[in-house]
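Heads up: the structure comes next, in structure tokens.
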Amino acid sequence: MIENYTRIAIKKHQLHDVDLLNDMPYVLAVEWDGVLYEFLIKLKENSSKMILLGSGAGAKQEHPQGPPYFQRHSWMDLFDASVIYYNDPTLYLGPLSLGWGQGTKERFYLQEISVLLSEILANLQVPLSHVTCYGSSGGGFMSLILAGYLKGATAVVNNPQTCLTKWLKTPVRNVFSLSYPNMSQEEVVQMFYERINILAFYQKMGYVPPIDYLQNAASEFDMTNHLTPFLSGLHTLSDECEVNEIKVILNYNKKQGHAALGKQETVDYLSKKK
């Protein structure tokens, strides 16, 4: 399915010149100093809202051929908003299902994704106050970061990671070995803590975006390692840090566990956002 979308390939310096006003879905592939950034864009003519969607590990099941991954791209026509799905180029570094936007020692890919998205949104004349960054699990982690870079946007996240070193050891180790080769986890934490811990990132930015944090309280691992430390850690942020409203919405579903809310529940929730 992804292979069937029209693909527009450009260099970063051409981003201001490309015509993005197209009512058909297409992949915009932007080459920036040797790194390929890919965005699946579907604009909705009569809506001023924009949803930016990041992928979690489940995207590989949707598209086993490999990246680019645009998780939930089959939902695009269900939203009452324009949508941009972004692929994480970290996935091209090796056999990964999830990269959390880590990039390389020299380049934080998630930060560069935010730069490109900012330019695309400006091109489309979409104000950041009309933007929602959505994702679940690893996509939720990236959405929390993106909303921090795109000041004015809101993060809507479902069962996200808030600190990578408190997630499952194997996928985190796999990413660190590719993004930060020849470094121990302790060295990665020391040098790049703002890339792997949401609160450390917000402290560095001096800014916490508006967040809707949807969490299945039956997922004990998520509650213990991610939601609870995130909430308690908010009190450690400096007084100079701007903290916007954070809503925590809990559900309880033992069968669902770490899995995200279903399609209709997710679409309905995002449709309620401004």
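Below, the figures for the structure above:
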item: Using θ = phi - 60° and Karplus 6.51 cos²θ - 1.76 cosθ + 1.60, couplings along the range 157-172 (whole Hz; Gly, Pro as x); result: 10, 10, 6, x, 7, 10, 8, 5, 6, 9, 9, 4, 5, 5, x, 5
item: ³J(HN,Hα), Karplus 6.51/-1.76/1.60, whole Hz, each residue of the range 122-127, x for Gly, Pro; result: 5, 4, 7, 6, 9, x
item: For ASP212, residues with placed amide H under 5 Å, excluding near neighbours; result: ALA155, VAL156, VAL157, LYS247
item: Calculated log₁₀ intensity ratio I(q)/I(0) where the Debye formula runs over C-alpha points of the range 201-274, q = 0.26 Å⁻¹; result: -1.19
item: Estimated vicinal HN-Hα couplings, Hz - the range 134-143 in sequence order (Karplus 6.51, -1.76, 1.60; Gly, Pro = x); result: 10, x, 10, 6, x, x, x, 4, 5, 5
item: Over 20 Å between alpha carbons, listed pairs LYS151/LYS247; LYS166/LYS263; LYS44/LYS272; LYS42/LYS263; LYS204/LYS273; LYS204/LYS247; result: LYS166/LYS263; LYS204/LYS273; LYS204/LYS247
item: Projected label distance in nm at GLU187 and LYS255, using a 7 Å step from Cα toward the beta-carbon; result: 4.8
item: For the range 77-117, projected area of the alpha-carbon convex hull averaged over all directions, nm²; result: 3.9
item: Percentage, to the nearest whole number, of Cα pairs in the range 141-238 over 20 Å apart; result: 39
item: Contact order relative to length of the chain, as percent, for alpha carbon pairs under 8 angstrom and 6 or more apart; result: 15
item: Pairwise FRET efficiency - VAL115 versus VAL243, Cβ, R0 = 30 Å, nearest 0.05; result: 0.80
item: Taking MET142, MET24, MET205 and counting other C-beta atoms within 10 Å, the order from fewest to most; result: MET24, MET205, MET142
item: Value of D in µm² per second that Stokes-Einstein yields for the chain, Kirkwood Rh from Cα pairs, at 10 °C (1.306 mPa s); result: 85
item: Calculated FRET efficiency for the pair HIS13/THR236, C-beta based, R₀ 41 Å, to 0.05; result: 0.50
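Laboratory data are not the source of any read-out in this text; all were calculated from the coordinates shown. As the structure is a prediction and not an experimental result, all values here were calculated from the model. For neighbour counting, all protein chains shown are included, and Cβ atoms are generated from backbone atoms with ideal geometry for every residue, glycine included.
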